[in-house]
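First comes the structure, then the notes that go with it.
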Amino acid sequence: MQEKIRNIAIIAHVDHGKTTLVDAMLKQSGVFRENEAITERVMDSNDLEKERGITILAKNLSIHHGGYKINIVDTPGHADFGGEVERVLKMVDSVLLLVDALDGPMPQTRFVLKKSLDLGLKPIVVINKVDRPGARPAEVVDMVFDLFCELQASDAQLDFAICYTSAKMGYAMREMEHPSENMEPLFELIKENVHPPEGDAAAPFQLLVTNIDYNDYIGRIATGKIFNGKVSSGETVALIKRDGTISKARVTKLLGYEGLKQVEIAEAFTGDIVTIAGFTEVGIGESLAAADNPIPLPYVAIDEPTLSMN
Ligand code: GDP
């Protein structure tokens, strides 16, 4: 299973087509919105986000395609709220840098791109809206290349994979000369260029909490990636607070991502991103770990220069 997971984030300037791209990918994987008339979309659903035109909460979704599970985590686009960008990027093994084929890269995508490069991630560049009249994909690729240079990307990062898409029309191409009818080329690029999550499936359970939410029925819920081991619903797990204090509680609900929904699951394994209920005191950046061997993951400090997956 771990081998078949790909964890990615999408970095995009507002309006460059992130939501439309995710919709096109979901559609190809057979997930259709239950009510097409309701146009409220996943990555836009937060009111505050809409109001400010930026993304504040990390919201994740998962796409099953060709035997793979692609988890897409959302990233804050602009300002960094208490190191949130780092925490989100710590869950992923690559980012899709989505750029409008006419407008080119915008200054606002720089921040998250820089963080990604600094953390050693190798982005995949997605040039979207190639159907737009006046689209200039080759020129935009050059602009992206220059931006990478400016941000001091490594040689490996500069050797980025490119995909050309029209999220609106639902197609993707690896080269402009090879038109395709669907999003398949993008899925292939993700499978080939993003490595599966690292981590030891046999080691004691460790999860880094990236997001906290509250649900009327199940209370405080914590979302994050399982860095090592596995966890089961009903299991007693240790919460390791930022100050090192350890308490234990039962996992009252374990939720996984299925398309746009979160569904209850019995078990979750290394590399996957899950939501856990049962911990009333849990905070962002803290660890959940095996009760009999509670080892915290490093608390993610702001502007931490290196990324260690284990
Ligand atoms: P987001 O803010 O990055 O999530 O962008 P949206 O997905 O909401 O897209 C912004 C606008 O661009 C919408 O009007 C989309 O219909 C349009 N759009 C998205 N992808 C494409 C595309 O591939 N081609 C064209 N022509 N328009 C697109």
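Checked against the criterion of being within 17 Å of S94 (Cα to Cα) and in contact (Cβ under 8 Å) with a residue 24 or more places away in the chain, the candidates G199, G170 yield just one match: G199. Before we move on, is L119 touching a helix residue (DSSP H, G or I) at 6+ places or on another chain (Cβ under 8 Å), surrounded by fewer than 20 Cβ atoms within 10 Å (Cβ to Cβ) and hydrophobic (A, V, I, L, M, F, W, C)? Yes; evaluated as a whole, the condition is true for this residue.
Being farther than 30 Å from F269 by Cβ, open to solvent by 20 Å² or more (accessible area, probe 1.4 Å) and of a type in the set (V, I, T) is a property that I162 has. Checking V92, V130 one by one, the residue that is among the aliphatic types (A, V, I, L, M) and open to solvent by 10 Å² or more (accessible area, probe 1.4 Å) is V130 and no other. Of the residues making up the range 256-265, none is out of contact with any Cys (no Cβ under 6 Å at 6 or more places or on another chain), of a type outside the set (A, V, I, L, M), surrounded by fewer than 18 Cβ atoms within 10 Å (Cβ to Cβ) and over 24 Å from I5 (Cβ atoms). With respect to N211, determine if the residue is in contact with a Leu (Cβ under 8 Å, 6 or more places away or on another chain), outside any helix (DSSP H, G or I) and in contact (Cβ under 8 Å) with a residue 40 or more places away in the chain. So N211 passes the test.
Selection of the range 212-232 for residues being hydrophobic (A, V, I, L, M, F, W, C) and open to solvent by 10 Å² or more (accessible area, probe 1.4 Å) yields I212, I218, I221.
The values are calculated or read from the model by the stated rules, or taken from the named source; none is laboratory data. These numbers come from a predicted model, not from an experiment. Cβ: placed from backbone, ideal geometry, glycine included. Neighbour counts: every protein chain shown. Ligands, DNA and RNA are excluded from the accessible area calculation, which covers all protein heavy atoms including side chains. Shrake-Rupley method; radii C 1.70, N 1.55, O 1.52, S 1.80 Å.
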